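This report concerns only the one structure given below.
Since every read-out is calculated from the coordinates, none of them should be taken as a lab result. Predicted model, so just to flag it, every value in this text is computed and none were measured. Neighbour counts are summed over all protein chains in view; Cβ atoms, including those assigned to glycine, are modelled from backbone coordinates with ideal geometry.
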Amino acid sequence: MTWIDPGGSLQVRAEALLDATAGASRGEVKRLGRWLDEAGDEALRAALIELGCARGVEIPEEARSWPGKRLLRLCRGQEAPARERRNPIRRDEGFTCDHCSAEVPPHGRTARDHCPFCLRSLHVDEVPGDRAARCGGVLDPVALEMRGDRPIILYRCRRCGAERVNQALLDGLEPDRWEQLSALSGKGPS
Ligand SMILES: [Zn+2]
Ligand SMILES: [Zn+2]
């Protein structure tokens with residue numbers, strides 16, 4: 001991807017730059033940021049910030065002096081650099097359950113995100129698989145719900161109260177225990 005400054009009004013240039021950033025890979029954003037650092041002026045930065053704000057992004061005052069790469073990321077609404085670095089691919093891994101201490105094997109077909117024996121999970125994701133949540137609390141199952149033909153376990157975090165959902169796993173190595181699921185199914189979301 002080659003970035004060509006379309007010229008014209010600041011608003012047009014800022015919009016084109018943000019649009020180019022929106023679909024760009026990390027490497028491309030880096031290049032666009034470098035361009036902004038080298039060729040972009042104060043007024044273009046101000047226009048970017050204004051545009052980001054208009055699109056609903058919260059932008060701190062000091063962002064004016066940030067490196068172009070960081071400014072562009074923020075303005076397109078994806079600053080959180082920690083999250084961007086993390087690999088949002090769900091991995092199927094075994095683990096030791098924090099609640100019941102069972103040794104849980106990988107599932108085999110899909111990512112194992114809860115204990116099949118007690119159904120507990122951990123509050124480690126903001127979006128599935130990203131491992132971006134700092135909480136780390138135990139997620140207690142509170143209800144079972146059908147979404148289409150898929151049974152979904154509703155969770156509440158013991159530590160922070162956040163609510164999450166995981167799909168119940170009825171197949172694979174060590175499927176979710178039927179007694180645990182059926183004990184939940186009468187409860188409904190509370
Ligand atoms: Zn467990
Ligand atoms: Zn939590």
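If you place +1 on the Cβ of every Lys and Arg, -1 on the Cβ of every Asp and Glu, and leave all else neutral, what size is the dipole of the chain about its Cα centre, to the nearest 20 Debye?
That gives a dipole near 200 debye.
Sorted by packing (mean other beta-carbon atoms within 10 Å per residue), highest first, where do 51-64, 151-164, 22-35 land?
With the highest mean Cβ count within 10 Å placed first, the list reads 151-164, 22-35, 51-64.
Express the Stokes-Einstein translational diffusion coefficient of segment 93-190 in µm² s⁻¹, to the nearest whole number, given a Kirkwood radius over alpha-carbon pairs, 37 °C and a viscosity of 0.692 mPa s.
244 µm²/s
On C-alpha positions alone, give me the angle between the axis of helix 42-54 and the longest principal axis of the chain, in degrees, nearest 10.
40 degrees
For THR110, THR21, THR96, which order do you get if you count the other beta carbons within 10 Å of each Cβ and list the fewest first?
Ascending number of Cβ neighbours within 10 Å: THR96, THR110, THR21.
Starting from the Kirkwood radius over alpha-carbon pairs of the chain, derive D by Stokes-Einstein at 37 °C in a medium of 0.692 mPa s and give it in µm² s⁻¹.
169 µm²/s
Grab the other residues whose beta carbon is less than 12 angstrom from that of VAL12, score K and R as +1, D and E as -1, and report the net.
After counting each charged neighbour, the total is -2.
From the phi of every residue in segment 2-16, what ³J(HN,Hα) in whole Hz does the Karplus formula 6.51 cos²θ - 1.76 cosθ + 1.60 yield, where θ is phi - 60° and glycine or proline is x?
The phi angles translate into 10, 8, 10, 4, x, x, x, 5, 4, 5, 4, 5, 5, 5, 4 Hz.
To one decimal place, what Kirkwood hydrodynamic radius in Å is obtained for segment 10-79 from all pairs of distinct Cα atoms?
Result for segment 10-79 stands at 11.5 Å.
What's the local net charge at GLY27, with K and R +1, D and E -1, over the other residues with C-beta under 12 Å away?
+4
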